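Comments concern the structure below.
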Amino acid sequence: MLKTIIPFGPQHPVLPEPLHLKLTVEDEVIKEALPALGFIHRGLEMLANIRDFHQTIQVVERVCGICSMMHAMCYCQGIEEIMGIEVPPRAEFLRIIWSELHRMHSHLLWLGLFADSFGFESLFMQFWKIREKVLDINEATTGNRVIVSVNVIGGVRRDLNSEQMRRILSDLSWVEDEVGRLETTLLSDYTVKKRTVGKGVLPKERALELGAAGPTARASGIAQDMRMLGYSALDQLDFKPVMEADGDCYARSKVRFREVLQSIDLIRQAIFVIPEGETRIKVKGRPEGESFSRIEQPRGELFYYIKANGTKNLDRLRIRTPTFANIPALLGMLPGMWLSDVPVVVLSIDPCISCTER
Amino acid sequence: MQEEVIFVSSDILVGEVAKIKVEGFRFVTMSCVELDGNTVNILYHFDKDLTLKHLRLTASKDSAVPSISSVYFAAFLVENEIQDFFGIRFKGLVLDYERTLYLDEEVKIKPFCRYTLEKSDQKEPVTPKNATGS
């Protein structure tokens, strides 16, 4: 049969950001997929080399809006390791609270977009309505809804008082109830299952081989979650990664759905045991040396390599984001799929092209 | 964080990476750092059970480095990225974008290099000044 090449993207209704795939099809079945990037590359790693290492926090926060808090946290963690800075315990807990709020609003955003990708508009609106509450918490506690900008080298720039913590707990109870109401629809609805079960299957061995990260890897049965490293205050909280075994789009949506509830649990745990004390320490000197910093972003493992030379500028800041790691995995999922399933499969890795291209 | 860093040369690189794969390590990524006008450091990062292992290769900018994409397919993307940004060539790259992953075909500079080396027969040699300013 004659092979045809069909372009998917860079502009496509399911893609909030530009990603181009060249799909080789026979009839309407995908035989091969090749990615093309470079539509929104901004050279942020390069910018980090010419900014003061403190200012670089603002640069990395703009790698991606949705997970800006995690980028700053990973960067600060790397610099703190090089400089031997011990972050105050209260700041470590505050970082976990805000980072889990970020994971929640990122996953809720994705769950809505995912519902939209298979045409379930009302489910999309329901998830986004819930997400607004999480953004309200961000605004009330940091002054910003998305780019919360709380991290500094040596701690955090804001604190939470007891009234704010009570409000977070009360709002999270509402979020938990609302998310729970959607569980049956997302996980048991006939149409949803028809569009997601058995689509874009990535078996465990293949996921390992292709270097998959985050919920994409965990949905294939790989217990890979950087929160298991116990960074910040996570070593003092009860945590087990959410996993599924089927490796399809349905399994990936189940993992993210359950991780929203898990984040609520982690925030509650953190609020109940957060110690009193200062939230940042004064940083003196300049970093010199290398570090490899990793944390779990909503989309998976975030990796920072930092090389500092004792001046105010870094020698090198290398950022490997989870979507970058999941693109080879996506190429492994697509062959054998119907063309009509491609949008759902592409969205199932929660692609963030701003992160990928930096 | 104390991790294992192993220094390798380009002739044993692929063999070492294959050994690491057999040991059950997952490919995380690669990082490239410019050392001076002629050489770069390429770091290969692997993970097993949340423990990192790194290979460190010092390579000359004008000689090709063996690609590890035949061992770990996932490496093709980052090797293409390094080709774009540093101008390093990877020999045996399974999917070679020939410096057009992010860049347009007409771009000759290596954006992440403080010094861009170009052949003398090129009409407009690129200087460090306009290499970082464009």
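Assorted remarks:
- Subset of segment A:283-317 [buried (at least 24 other Cβ atoms within 10 Å of the Cβ), touching an Asp or Glu at 6+ places or on another chain (Cβ under 6 Å) and either part of a loop (DSSP other than H, G, I, E, B) or more than 10 Å from chain B (Cβ to nearest Cβ) (or both)]: A:296, A:299
- Scope segment A:107-123; condition surrounded by fewer than 19 Cβ atoms within 10 Å (Cβ to Cβ) and not polar (S, T, N, Q); matching residues: A:113, A:119, A:121
- Selection status of residue A:138, over 21 Å from residue A:181 (Cβ atoms) and within 14 Å of chain B (Cβ to nearest Cβ): no
- Of the set (1) in a helix (DSSP H, G or I); (2) surrounded by fewer than 24 Cβ atoms within 10 Å (Cβ to Cβ), all apply to residue A:53 but (1).
Yes or no, residue by residue, for (1) surrounded by fewer than 17 Cβ atoms within 10 Å (Cβ to Cβ); (2) in contact with a strand residue (DSSP E or B) (Cβ under 6 Å, 6 or more places away or on another chain); (3) not in a helix (DSSP H, G or I):
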| residue | (1), (2), (3) |
| --- | --- |
| A:17 | no, no, yes |
| A:22 | yes, yes, yes |
| A:30 | no, yes, yes |
| A:58 | yes, no, no |
| A:66 | no, no, yes |
| A:72 | no, yes, no |
| A:79 | no, no, no |
| A:96 | no, no, no |
| A:105 | no, no, no |
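- For segment A:107-121, a residue qualifies if it is in contact (Cβ under 8 Å) with a residue 60 or more places away in the chain and in a helix (DSSP H, G or I), and the qualifying residues are A:107, A:108, A:110, A:111, A:113, A:114, A:115, A:116, A:117.
- For segment B:45-65, the criterion of being in contact with a Gly (Cβ under 8 Å, 6 or more places away or on another chain), surrounded by fewer than 15 Cβ atoms within 10 Å (Cβ to Cβ), more than 10 Å from chain A (Cβ to nearest Cβ) and closer than 21 Å to residue B:16 by Cα is satisfied by at least one residue.
- Scanning segment B:12-44 for residues that are without any contact (Cβ under 8 Å) to a residue 24 or more places away in the chain, away from every other protein chain (no Cβ under 13 Å) and touching a strand residue (DSSP E or B) at 6+ places or on another chain (Cβ under 8 Å) turns up just one, B:39.
- The residues in segment A:121-155 that are more than 17 Å from the chain's Cα centre (by Cα), more than 30 Å from residue A:189 (Cβ to Cβ) and small (Gly, Ala, Ser) can be counted, and the count is 4.
- Of all residues in segment A:318-354, those satisfying the criterion of being β-branched (Val, Ile, Thr) and more than 13 Å from every other protein chain (Cβ to nearest Cβ) are A:342, A:344, A:345, A:346, A:349.
- Checking each residue in segment A:41-84 for being more than 30 Å from residue A:110 (Cβ to Cβ) and away from chain B (no Cβ under 14 Å) picks out A:52, A:53, A:54, A:55.
- Members of segment A:228-281 found to be among the aromatic types (Phe, Trp, Tyr), surrounded by 19 or more Cβ atoms within 10 Å (Cβ to Cβ) and part of a loop (DSSP other than H, G, I, E, B), listed by number: A:231
- Flag for residue A:278 being acidic (Asp, Glu), within 18 Å of residue A:100 (Cα to Cα) and more than 14 Å from chain B (Cβ to nearest Cβ): no
- When segment A:295-330 is limited to residues that are touching a residue at least 60 places away in the same chain (Cβ under 8 Å) and charged (D, E, K, R), the one that is nearest to residue B:51 (Cα to Cα) turns out to be A:301.
- Cβ-Cβ under 6 Å pairs, at least 6 apart or on other chains, segment A:122-140 side touching a residue at least 60 places away in the same chain (Cβ under 8 Å), far side not hydroxyl-bearing (Ser, Thr, Tyr): A:123/A:115
- Evaluation of residue A:324 against (1) in contact with a Gly (Cβ under 9 Å, 6 or more places away or on another chain); (2) farther than 30 Å from residue A:166 by Cβ (one fails), failing number: (1)
Each value in this text was obtained by applying a stated rule to the coordinates, not by laboratory testing. Computed from a predicted model, the values in this text were never measured in an experiment. In this analysis, Cβ positions are derived from the backbone assuming ideal geometry, glycine residues included, and neighbour counts consider all displayed protein chains.
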